[in-house]
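The values are calculated or read from the model by the stated rules, or taken from the named source; none is laboratory data. Fair warning: this is a prediction, and the values are worked out from it, not measured in the lab. Backbone-built Cβ (ideal geometry, glycine too); neighbour counts: all protein chains shown. Please note that ligands, DNA and RNA were not included when accessible areas were found on the heavy atoms of the full protein model with its side chains. Shrake-Rupley method; radii C 1.70, N 1.55, O 1.52, S 1.80 Å.
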Amino acid sequence: RELLSSDAMKDYNRARVYLDENYKSQEHFTALGSFYFLHESLKNIYQFDFKAKKYKKVTGKEIYSDTLESTPMLEKEKFPQDYFPECKWSRKGFIRTRWCITDCAFDLVNIHLFHDASNLIAWETSPSVYSGIRHKALGYVLDRIIDQRFEKVSYFVFGDFNFRLDAKAVVETLCAKATMQTIRAADTNEVVKLIFRESDNDRKVMLQLEKKLFDYFNQDVFRDNNGTALLEFDRELSVFKDRLYELDISFPPSYPYSEDSSQGKQYMNTRCPAWCDRILMSHSAKELILKSENDEKIVIYDHIGPNVCMGDHKPVFLSFRIAAGAGKPIANVHKCCVVQ
């Protein structure tokens, strides 16, 4: 409420805020939230009512919290428990809203996919078992938002996808000239730690790997040139190349940053840094945002606060303009302008 009434936001005269805050509901809680601020220069904006199956003009500022199940202006779903049985109480799922601006309809889907529970397990296979779980969940969401219940429109999917680098390939590359030492638990003989040492140079430790430890001796490899040398190991999205498009990444891995307020650039040594936070889109949405009336670079895909501590994730943003009438060819499908 303080943000909505602040001077910085005075030109945004309409807003919709959705916060899933009912953390006591094991069945429904997702911990997701979406904030939409609408600038006064936008004259006619409509939001879709999923229950009434029609668009309604957006006026005023409204906040919805608690369970979110009561508002028909969004779809919210939590992934089934059997998707990620390792986690007794997962909060992963998605929130979907649908909007129409100047005859252009699109879905905005806020998503949170499953994390890597253990670095050691992630390292065992390529691709890892966790990437398979994320693949299943993302496929479920994409099928859900284009099913037969509603008209198909362009869509943007954003949030913490928890996409990780191919751990086996990364470790084998970073430690190509190292020897590996395996540490096992005395009672169970289970592998609890891997230590990679340089073959020469006094057997210097290059990497230590545990369930929740990824301690690589040279963090600069993840920061230099925005870590682009490691983008070849960012492979999870390739499965969806026919369904999803992403602009070129030109920012460093967005996770896991130190939560020490004086260490804005520093990664924690809990996980291998990765581009977990992304903004993806359907191919029809790609055509929408790349249709510009001039050659100015009006599409920007970047991260926020490179030198500032903002928690363990760096926020990622996509800025673009939609030309008036960009959605005209499909205006007859959703008839945004004739609904109430």
Q. Just to be sure, is residue 55 touching a strand residue (DSSP E or B) at 6+ places or on another chain (Cβ under 9 Å), buried (at least 16 other Cβ atoms within 10 Å of the Cβ) and closer than 22 Å to residue 157 by Cβ?
A. yes
Q) So how many residues does segment 100-113 have that are of a type in the set (Asp, Glu) and at pLDDT below 90? A) 1
Q: Confirm whether residue 101 is open to solvent by 20 Å² or more (accessible area, probe 1.4 Å) and more than 19 Å from the chain's Cα centre (by Cα).
A: yes
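Yes/no per residue for (1) out of contact with any Asp or Glu (no Cβ under 9 Å at 6 or more places or on another chain); (2) modelled with pLDDT of 95 or more; (3) open to solvent by 20 Å² or more (accessible area, probe 1.4 Å):
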site: 257; (1), (2), (3): no, yes, no
site: 273; (1), (2), (3): yes, yes, no
site: 278; (1), (2), (3): no, yes, no
site: 328; (1), (2), (3): no, no, yes
Q.
Just to verify a result, which residue in segment 176-208, among those that are on the phi > 0 side of the Ramachandran plot and of a type outside the set (D, E, K, R), is modelled with the lowest pLDDT?
A. 201
Q) Within segment 206-226, can you find the residues that are part of a strand (DSSP E or B) and either hydroxyl-bearing (Ser, Thr, Tyr) or open to solvent by 70 Å² or more (accessible area, probe 1.4 Å) (or both)? A) 216
(Q) Out of 64, 23, 36, 18, I need the residue that is open to solvent by 90 Å² or more (accessible area, probe 1.4 Å), farther than 18 Å from residue 114 by Cβ and within 23 Å of the chain's Cα centre (by Cα). Which one? (A) 23
Q) Of the conditions (1) touching a helix residue (DSSP H, G or I) at 6+ places or on another chain (Cβ under 7 Å); (2) among the small types (Gly, Ala, Ser); (3) buried (at least 19 other Cβ atoms within 10 Å of the Cβ), residue 250 fails just one. Which one is it? A) (3)
Q.
Checking the structure you have, find out if any residue of segment 81-97 is open to solvent by 10 Å² or more (accessible area, probe 1.4 Å), among the basic types (Lys, Arg) and in contact with a Phe, Trp or Tyr (Cβ under 8 Å, 6 or more places away or on another chain).
A. yes
Q: List the number of the failed condition for residue 239; all other conditions in (1) in a loop (DSSP other than H, G, I, E, B); (2) under 30 Å from residue 99 (Cα atoms); (3) of a type in the set (Val, Ile, Thr) hold.
A: (1)
Q. Among the residues of segment 282-293, is any surrounded by 18 or more Cβ atoms within 10 Å (Cβ to Cβ) and at pLDDT 95 or above?
A. yes
Q: Filter segment 227-236 for residues that are modelled with pLDDT of 95 or more and surrounded by fewer than 17 Cβ atoms within 10 Å (Cβ to Cβ) and give the result.
A: 231, 232, 235
**Q.** 3 or more residues over 26 Å from the mean Cα position of the chain (by Cα) and free of Cβ contacts under 8 Å to residues at least 24 places away in the same chain: qualifying strands (runs of 3 or more DSSP E) within segment 118-205
**A.** 178-184, 191-198
Q: Kindly indicate which of 71, 67, 97, 59 is modelled with pLDDT of 95 or more and in a loop (DSSP other than H, G, I, E, B).
A: 59
Q | Flag for residue 114 being assigned to a loop (DSSP other than H, G, I, E, B), open to solvent by 10 Å² or more (accessible area, probe 1.4 Å), in contact (Cβ under 8 Å) with a residue 12 or more places away in the chain and among the hydrophobic types (A, V, I, L, M, F, W, C) | A | no
Q.
Anything in segment 141-170 that is within 19 Å of residue 80 (Cβ to Cβ), in contact with a helix residue (DSSP H, G or I) (Cβ under 8 Å, 6 or more places away or on another chain) and not hydrophobic (A, V, I, L, M, F, W, C)? List them, or say none.
A. 162
